[in-house]
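Scroll down for the structure; my scribbles are underneath it.
Where a number appears in this text, it was derived from the coordinates with a stated rule and is not lab data. These figures come from a predicted structure and were not determined experimentally. Positions of Cβ are generated from backbone atoms using ideal geometry, with glycine treated the same way; all protein chains shown enter the neighbour counts.
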Amino acid sequence: MIDTTHDPALQSWVASANKSDTDFPIQNLPFATFARKGDDRTRLGIGIGDIILDAGEAFGCRSMEQLMAMPRSARRDLRHQASEFLSKSSRGAEKLLTPISEAQLLLPCQIPDYTDFYASIHHATNVGSMFRPDNPLLPNYKWLPVAYHGRASSVVVSGTAVGRPSGEIVSNPAGPPAFSPCRLLDYELELGAFLGPGNKMGEPIPVAEAEDHIVGVCLLNDWSARDIQTWEYQPLGPFLAKNFATSISPWVVTIDALEPFRCPADARPETDPQPLPHLSAPGNGAFRIQLEVWLRTAKMSEPVRLSHSDFSTMYWTLAQMVAHHASNGCPLRPGDLIGSGTVSGPEKLNRGCLLELTWRGTEPIALPSGETRKFLEDGDEVIFRGWCEAPRFRRIGLGECRGTVLTANERLG
């Protein structure tokens, strides 16, 4: 629902929020958990320009857990309060502000559960073509949003270094394996979504109500050890190849901030089945969110862009993912995290991981430094960026998600 908080003419008394290139104009108002330098107390903040507003002191909402347990109507009311507070200066208001440069941005909340989806048909088709050229998509793909249960304990905030994992690796598909550091380390460009308030056990969430249980989105890097995955994933799917680390950006951009960028999901070909009734979601269920991957090696002073994707090309929407997750009565809790799966598109520039970009290592990427990459090397820094823009509305951003690869020895040390 578009309302006064989305007015492109709206200005803030926080000057940096009015700059054309900011990720956090007053039309955005993303949430983050932070601590002031020299103070261990964690606070709930709202991003405005290059500043964080203390939401606890201003509005009495003191934690991300409290926010995510609210019904959507209460979260929307809080957004309106913050918009009004930041558009009209009041005595003493500046005392509630902290420069982002003087804050430590933390993991948004303690994450009860993490589920990773596989919702891009372009990614699924590309990967399937490498391993099953005659049958890239399995029969279930166009009927339900495929997913697996991830590991919440290894979700880390942007800026946390990621150690190269070790696991069983084979040179012959029949084995035997050797236990060694991963040689084919990859990133996966994903959109994360934080859930709340959730449902009781045994009570599904109708697809028409699913967005009421999406608090907001973040950038998500689901690091992947491709060679470990090759040996372990049959028959139950990935395990050690995925659960060593998942990086997320610290900012939660609310579902209401995304309203101006809502659009219809891509039309399905006439030969594709239509979703079953419990997943049928007519209307504008997709969002135009632009996503980029940048890479900086240890020899590079500036990063280089590797890919650019549009989240609106996903085969399954966020609402369908949530409705499917709860369709059997599975209880979703405030703070649960879902990942969209790798966001890829129809062109090579849109491929959201190195497995696709280098076509399983057969097409190395040439970098400005003279180096090449098939997969990630030690010292590589992966940077995700995201934003939304549309005619007649202010551009808003998702911030960044960064992570640098450490050696296996550094990880163990």
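How high is the relative contact order of the chain, given as a whole-number percent (alpha carbon pairs under 8 Å, six or more residues apart)? Provide the component values of the computation, followed by the final result.
Values: 986 pairs, mean separation 89.1, N = 413.
About 22 percent, as a whole number.
Determine, for each peptide in 388-395, 50-57, 101-108, the mean count of other beta carbons within 10 angstrom over its residues, then list the peptides with the highest first.
Working: 388-395: 15.0, 50-57: 20.2, 101-108: 17.2.
Result, highest mean first: 50-57, 101-108, 388-395.
Net charge near Glu209, counting Lys/Arg +1 and Asp/Glu -1 over other residues with Cβ under 13 Å of its Cβ?
On the way: positive: Arg72; negative: Glu203, Glu211, Asp212.
Here the charged neighbours net out to -2.
Highest first, please rank the peptides 130-139, 83-92 by the mean number of other Cβ atoms sitting within 10 Å of their residues.
Working: 130-139: 10.8, 83-92: 13.8.
Listed from highest to lowest mean packing, they are 83-92, 130-139.
Of the beta bridges DSSP finds with both residues in the chain, what % are antiparallel, to the nearest 5? Don't skip to the answer; put the middle values down first.
Numbers: 64 of 72 bridges.
Restricted to the chain, the bridges split so that about 90 percent are antiparallel.
Using Cα atoms only, what is the angle between the long axis of helix 72-87 and the major principal axis of the chain, expressed in degrees (0 to 90) to the nearest 10?
Value to nearest ten degrees: 60.
Rounded to the nearest 500 deg cm²/dmol, what is the calculated helix-only ellipticity per residue at 222 nm for the chain, with -39500 (n - 2.57) per DSSP H run of length n ≥ 4?
Numbers: 8 runs with 63 residues, N = 413.
So the calculated ellipticity at 222 nm is -4000 deg cm²/dmol.
Extending each Cα 7 Å along its Cβ direction at Ser154 and Ala74, get the distance between those two points in nm, one decimal.
3.5 nm
State the label only: which of (i) 19; (ii) 44; (iii) 15 corresponds to percent of Cα pairs over 38 Å apart computed from the shown model?
So the calculated entry is the one marked (i).
Considering only C-alpha atoms, what is the centroid distance from segment 30-101 to segment 237-272, in Å?
Cα centres, segment 30-101 to segment 237-272: 25 Å.
Listed highest first by mean packing, meaning other Cβ atoms within 10 Å per residue, what order do 142-152, 116-126 come in? Show your work: numbers first, answer last.
Values: 142-152: 17.5, 116-126: 23.1.
Going by the mean number of other Cβ atoms within 10 Å, highest first, we get 116-126, 142-152.
Report the full-extension gain for the segment Asp50 to Tyr233: residue separation times 0.36 nm, less the Cα-Cα distance, to one decimal in nm. Numbers along the way, then the final one.
Working: separation 183, 0.36 × 183 = 65.88 nm, distance 4.32 nm.
Gain on stretching Asp50 to Tyr233: 61.6 nm.
Set the bar at 32 Å for Cα to Cα. Now go through Lys37/Lys88; Lys95/Lys242; Lys19/Lys374; Lys142/Lys299; Lys19/Lys95 and name every pair that lies beyond it. Walk me through the intermediate numbers first.
Values: Lys37/Lys88 28 Å; Lys95/Lys242 43 Å; Lys19/Lys374 38 Å; Lys142/Lys299 43 Å; Lys19/Lys95 22 Å.
Lys95/Lys242; Lys19/Lys374; Lys142/Lys299, as the Cα separations exceed 32 Å there.
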